[in-house]
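K.L.:
Please see the structure below; I have some questions.
Laboratory data are not the source of any read-out in this text; all were calculated from the coordinates shown. Given the structure is predicted, the values throughout are model-derived calculations rather than measurements. Neighbour counts are summed over all protein chains in view; Cβ atoms, including those assigned to glycine, are modelled from backbone coordinates with ideal geometry.
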Amino acid sequence: MADATMQVFRGDRSGGQTVEYKVPMVPGMVVLDALHYIQGHLAPDLAVRWNCKAGKCGSCSAEVNGRPRLTCKTRMDALPLNEPIVVLPMQTFPVIKDLVTDVSWNYQVNKTIPPFQPKPGAEWKFYQEDVDRVQEFRKCIECFLCQNVCHVLRDHGEQPRFGGPRFFVRVAGLEMHPLDGVSRAKVLKEQLGIGLCNITKCCTEVCPEDIHITDNAIIPLKERVVDEYYDPLTWLVRKIRGAAEK
Amino acid sequence: MNDRFETHEHDVLVIGAGGAGLRAAIEALAQGGSVGVVSKSLLGKAHTVMAEGGIAAAMANVDSQDNWRTHFRDTMRGGKMLNNWRMAQLHAQEAPDRVRELEQWGALFDRTQDGQILQRAFGGHTFRRLCHVGDRTGLEMIRTLQDRGVNLGFDVYMECTVLRLLTDGARCAGAVAYWRETGRFVVFRAKSVVMATGGIGKVYSITSNSWEYTGDGMAQAYEAGAELMDMEFVQFHPTGMVWPPGVQGILVTEAVRGEGGILRNKTGERFMERYDPKRMELSTRDVVARSIYTEVKEGRGTEHGGALLDISHKPAEYVKKKLPSMYHQFKELADVDITTGPMEVGPTCHYVMGGIRVEAETAQSKLPGLFAAGEVAAGLHGANRLGGNSLSDLLVFGRRAGAAAAQHAKEVSAPRVDDGQIEQAESEALRPFQTHGGDNPYAIHHDLQKMMQSLVGIFRVRDDLQKALGELQRLKDRLSHVSVEGSRMFNPGWHLAMDMKSMLTVSEAVARSAMVREESRGAHSRIDFPELSAEWGKKNNIIWSRGTEMGLRQEVLSEMPAELKQLLAEEK
């Protein structure tokens, strides 16, 4: 098989540029294999994050020919090989080195989310149909590709007041847990800024786990916030019920 | 104390943020005191996310006859009776509570018709016992533990790699590490250390394990004075992907067989009938791996040297629902639709039963203040691990290690940390930058993997093992002249050069232990000694450091109480 030409970003916080490498093609090869070949033979200090190499850990996110992808699941033979394959780090996060970016902001946002707390006196009995929907959210492998493409973060830099799709998925997983007893509407509205999302569905398109982020997580959560804050009757009922439960 | 280095102090330092490390940290936090967790990767990326099939726990939700006694018996029989019986007992007794606890922390398992946690069949388990979430149980577990720990407030040091343990006389005093991002060194002073670094699979070329699995915890504990045990027992999972080459070794979950998958050779024969007619595809992993290997070796393998695993007789929707990641993995990486055709599979290095020798109740090693849990520890699984017993191991012994480490920290004074040890670690770590014209770490790693795969693999023989020990010596010499390019900033070549030291230590421990065990038991198969030996069935191999040399001796298994012996004698 022929060689593939890779153009890989090399640089750090102070800047950088793509560098070209020739990589021999092997059947079934994925972009991460090509990056490993470069490390082993051409540039031993090429910085790349990866772990499982099986699409389960969400470490190896990058932008391949302009598309945000898991490099371990991006087949080389699915890309046009008559032109260079361009691999850049995720653009929404500050680069640390080469393809490794500083994703620590995500871990900060995660800390602000109130954890699962069972309803008082919860009985640990519930059915598959109760969990089907929530299990979808719990498939998330935290690759942060949705955060990377979300224009509220990428183009408008709203990190200080917007949590991003990953954390709406996480909140949806908690809120729709059949035994959860906490409301996160306030956090969604005030800290995570869910109102800033104008449902362009870019996040859903790039999700390697096929989570319907916009339709199944964000829209229902937006509705919850609306119910809680703007529907006077529901607001009153929740207030009373909430007080009764305490 | 040297102020040249960034220093952190904790009552309990946990090294490794997989299932065992996180469970240990949660327990230590619950007992009060400060807890630090050091992780080579980002939080939530640990190898535990790769665990697919489930958590074995005798909850009896599906098969009401199940109980801890049967789980204990299955574990001991699966381990060919070399297990630490007390660990096997504690594990079987405590696993159900550990699973319920996960559920109460927010984990969402698949459900039975009557609203309980669903359990599936797995190799070597008498009853349907594996609590699961489709084929992504490990991810569910790690997220649940991660969120619990973050909420309780442990300090996590992400992308930070430990280089060595620190000792204060004959006790553990902390660790020296480096930040992967900057290459700067960092010192952790701790009254107790819990090792939870996982296994050694990266010493083989065909492996389901990630770059992290370089045996650091075992090698560092060994250097600091702890003992290793049962290192000859390396589990080759029967079903890894074999084609295309880029995906070779990636795991195909045992849940495929648990859900009814059938193994055939290229002639279409269901060959497990010849190897284990009673348990067939759900025989133990050692047996299935050897059977596939033998089929291929005797010319009945597929085009790419594997066997065929078929689940396509089940309804397509069922397969997609119960095995979603397998469906996508094959579709995307191998152009195979597993709902309509078979998968090509072959053995892949998956797990090591051996590791740091610990006390059953406390998970403490021979070095006071050093605890170990999960894959890095030895004892529970004996000569072969049953599928599903790993996740339960992480929970049961992670909790025990965390509790004992916190208790120990309350009882001892703050250790003294010796600058000499820190400086030695620093100068050793920086040496590859000062060595010019030496070997490339990737080349040394590649040669180690190839050698271990061919000489210390599924079937072993004395001459090969002898040769392997010679090769290991040559690789050590090469590593002493390794040189790396670039700066200390996020430099994978340099990181690999440091991991190589651990890989060579654990490889030597595997080869030495394999050489002296002149029998075939569980995952250890000797062509020159194909039978079980009653004599070897009573002994564990123990490895310890004699300074510059590796010591090896045998210790007799401890006597099992009569009631447990009785359980094992029962025919079932």
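K.L.:
Which one of A:144, A:116, A:168 has the biggest mean-square fluctuation once chain A is modelled by GNM with Cα springs under 10 Å?
P.N.:
A:116
K.L.:
Moving on. Work out the length of the dipole vector of chain A about its Cα centre, built from +1 on the beta-carbon of each Lys and Arg and -1 on the beta-carbon of each Asp and Glu, and round it to the nearest 20 debye. Mind showing how you got there, number by number?
P.N.:
Numbers: 31 positive and 30 negative charges, 132 e Å.
Using only the charged Cβ atoms, the result is roughly 640 debye.
K.L.:
Shape verdict for region A:111-193, please, from the Cα gyration tensor: rounded (a/c under 1.5), prolate (a/b greater than b/c) or oblate.
P.N.:
Working: a/c = 3.48, a/b = 1.76, b/c = 1.98.
Oblate shape, in that a/c is at least 1.5 and b/c is the bigger or equal ratio.
K.L.:
Evaluate peptide B:140-150: per residue, the Cβ atoms of other protein chains within 10 Å of its Cβ; return the mean as an integer.
P.N.:
Details: counts 3, 0, 1, 6, 2, 0, 3, 8, 2, 0, 5.
If you average over the peptide's residues, the count of other-chain Cβ atoms is 3.
K.L.:
Measure nothing fancy, just the Cα-based angle from helix B:19-30's long axis to the longest principal axis of chain B, in degrees from 0 to 90, nearest 10.
P.N.:
Rounded to the nearest ten degrees, it is 60.
K.L.:
Something else now. Quick one: work out the % antiparallel among DSSP beta bridges in the protein assembly as shown, nearest 5.
P.N.:
Working: 67 of 93 bridges.
Percentage antiparallel, nearest 5: 70.
K.L.:
In a Gaussian network model over chain A where Cα atoms closer than 10 Å are linked, find which of A:193, A:164, A:121 has the largest mean-square fluctuation.
P.N.:
In the Gaussian network model the winner is A:121.
K.L.:
Right, another one. Which order, highest average first, do B:558-571, B:430-443, B:219-232, B:478-491 follow once you tally other Cβ atoms within 10 Å for each residue and take the mean per peptide? Please list the in-between numbers first.
P.N.:
Values: B:558-571: 11.0, B:430-443: 16.0, B:219-232: 25.3, B:478-491: 18.9.
Most protected by this proxy first, the peptides run B:219-232, B:478-491, B:430-443, B:558-571.
K.L.:
Would you kindly give the portion of the calculated P(r) for region B:338-464 that falls above 21 Å, as a percent of all Cα pairs? Mind dumping the intermediate values first?
P.N.:
Working: 5293 of 8001 pairs.
In whole percent, the share of Cα-Cα pairs in region B:338-464 beyond 21 Å is 66.
K.L.:
In whole angstrom, note down how far apart the Cα centers of region B:339-374 and region A:73-110 are.
P.N.:
32
K.L.:
What order, most packed first, do the peptides B:346-359, A:219-232 have when packing is the mean number of other Cβ atoms within 10 Å of each residue? Please list the in-between numbers first.
P.N.:
On the way: B:346-359: 27.4, A:219-232: 15.2.
Final packing ranking: B:346-359, A:219-232.
K.L.:
Taking Cβ-Cβ under 4.7 Å as the only way to count a partner, pick out the unpartnered cysteines of the protein assembly as shown.
P.N.:
Singleton cysteines: A:60, A:72, A:140, A:143, A:150, A:197, A:202, A:207, B:131, B:160, B:172, B:349.
K.L.:
Let me ask something additional. Among A:206, A:64, A:26, which one moves the most in a GNM of chain A with springs linking Cα atoms closer than 10 Å?
P.N.:
A:26
K.L.:
Moving on to the next point. Would you mind putting B:168-174, B:382-388, B:500-506, A:151-157 in packing order, based on average other-beta-carbon counts within 10 Å, highest first?
P.N.:
Details: B:168-174: 20.3, B:382-388: 27.9, B:500-506: 24.3, A:151-157: 15.1.
My ranking of the peptides, most packed first, is B:382-388, B:500-506, B:168-174, A:151-157.
K.L.:
Hey, got the average number of other protein chain Cβ atoms within 10 angstrom for residues in B:36-47?
P.N.:
On the way: counts 0, 0, 0, 0, 1, 5, 11, 3, 7, 10, 3, 4.
So the per-residue partner count for this stretch is 4.
K.L.:
Something else: Can you give me the C-alpha center-to-center distance between region B:548-565 and region B:60-124, rounded to a whole angstrom?
P.N.:
Between the Cα centre of region B:548-565 and that of region B:60-124, the gap is 26 Å.
K.L.:
Rounding to the nearest 10 and keeping the result within 0 to 90°, find how far the Cα-based axis of helix A:128-137 lies from the longest principal axis of chain A.
P.N.:
50
K.L.:
I would also like to ask the following. Can you show me the helix-derived [θ] at 222 nm for the protein assembly as shown, built from DSSP H runs with n ≥ 4 at -39,500 (n - 2.57) apiece and divided by the number of residues, rounded to the nearest 500. Could the numbers behind the result be given before it?
P.N.:
Numbers: 25 runs with 291 residues, N = 818.
Result for the protein assembly as shown: -11000 deg cm²/dmol, rounded to the nearest 500.
K.L.:
Would you work out if the protein assembly as shown is rounded, prolate or oblate? Take a ≥ b ≥ c from the square roots of the eigenvalues of the alpha-carbon gyration tensor; rounded if a/c is under 1.5, else prolate when a/b is larger than b/c, oblate otherwise.
P.N.:
Values: a/c = 1.26, a/b = 1.16, b/c = 1.08.
It comes out rounded by the Cα gyration axes.
K.L.:
Same structure again: Report relative contact order for region A:104-245 in percent, whole number only (criteria: Cα-Cα under 8 Å, sequence separation at least 6). Working shown, then result.
P.N.:
Working: 155 pairs, mean separation 38.8, N = 142.
Relative contact order here is 27 percent.
K.L.:
Now a separate question. Let me know the mean shielding of B:244-252 by other chains, meaning the per-residue number of their Cβ atoms within 10 Å of its Cβ. Spell out each step's value before the answer.
P.N.:
Numbers: counts 8, 5, 14, 7, 1, 2, 6, 3, 0.
Whole-number average of other-chain Cβ neighbours for B:244-252 is 5.
K.L.:
Over 24 Å between C-alpha atoms is what I'm after, so list which of A:111/B:321; B:538/B:565; A:53/B:278; B:297/B:467; A:56/B:191; A:125/B:321 land there.
P.N.:
On the way: A:111/B:321 32 Å; B:538/B:565 14 Å; A:53/B:278 35 Å; B:297/B:467 22 Å; A:56/B:191 35 Å; A:125/B:321 21 Å.
Violating the 24 Å limit, Cα to Cα: A:111/B:321; A:53/B:278; A:56/B:191.
K.L.:
Okay, next question. Give the long-range amide H neighbours of residue B:14: residues separated by 5 or more places, or on another chain, with amide H under 5 Å away, using H modelled in the peptide plane at 1.01 Å from N.
P.N.:
Amide H to amide H, under 5 Å and 5 or more residues apart or across chains, residue B:14 pairs with B:36, B:37, B:38, B:194.
K.L.:
Taking the 0 to 90 degree range and rounding to the nearest ten, how far is the long axis of helix A:31-41 tilted relative to the main principal axis of chain A, both from C-alpha atoms?
P.N.:
Once rounded, one gets 50 degrees.
K.L.:
According to the square roots a ≥ b ≥ c of the eigenvalues of the Cα gyration tensor, what is the shape class of region B:67-167, taking rounded for a/c under 1.5, prolate for a/b larger than b/c otherwise, and oblate for the remainder?
P.N.:
oblate
K.L.:
Counting every Cα pair in region A:18-105, what percent are over 20 Å apart? Before the final figure, lay out the partial values.
P.N.:
Values: 1089 of 3828 pairs.
Of all Cα-Cα pairs in region A:18-105, 28 percent lie more than 20 Å apart.
K.L.:
How much of the DSSP bridge set in chain B is antiparallel, in percent, rounded to the nearest 5?
P.N.:
On the way: 46 of 69 bridges.
Of all bridge pairs located within chain B, approximately 65 percent are antiparallel.
K.L.:
Applying the Karplus parametrisation 6.51 cos²θ - 1.76 cosθ + 1.60 with θ = phi - 60° to the phi angles of region B:498-503, what ³J(HN,Hα) value in whole Hz is obtained for each residue in order, glycine and proline being reported as x?
P.N.:
6, 5, 4, 4, 5, 4
K.L.:
Amide H neighbours of residue B:352 under 5 Å, at least 5 residues apart or on other chains, H built in the peptide plane: list them.
P.N.:
Amide H to amide H, under 5 Å and 5 or more residues apart or across chains, residue B:352 pairs with B:200, B:235.
K.L.:
Which of B:216, B:528, B:418 comes first, and how do the rest follow, when ranked by fewest Cβ neighbours within 10 Å? Could you put the intermediate results ahead of the total?
P.N.:
Numbers: B:216 28, B:528 13, B:418 16.
In order of increasing Cβ crowding within 10 Å: B:528, B:418, B:216.
K.L.:
Give me the distance between the Cα centres of region B:199-258 and region B:1-29, rounded to whole Å.
P.N.:
25
K.L.:
Something else about it: Normalised by the residues of chain B, what does the relative contact order come to in percent, with Cα pairs under 8 Å and at least six apart?
P.N.:
Details: 1352 pairs, mean separation 119.1, N = 572.
Taking the mean separation of contacting Cα pairs over the length of chain B, I get 21 percent.
K.L.:
Once you keep just the Cα pairs under 8 angstrom separated by 6 or more residues, what percentage relative contact order results for region A:3-101? Don't skip to the answer; put the middle values down first.
P.N.:
Numbers: 184 pairs, mean separation 34.0, N = 99.
Relative contact order, region A:3-101: 34 percent.
K.L.:
Now for a different question. Which entries of B:40/B:366; A:73/B:501; B:40/B:202; A:139/B:320 show an alpha-carbon separation above 22 angstrom in the structure shown?
P.N.:
Working: B:40/B:366 25 Å; A:73/B:501 31 Å; B:40/B:202 15 Å; A:139/B:320 14 Å.
Too far apart for the 22 Å limit: B:40/B:366; A:73/B:501.
K.L.:
For region B:420-552, just the Cα atoms, rotate onto the principal axes and tell me the three extents in Å, largest first.
P.N.:
Per principal axis, max minus min of the Cα coordinates gives 54, 32, 23 Å.
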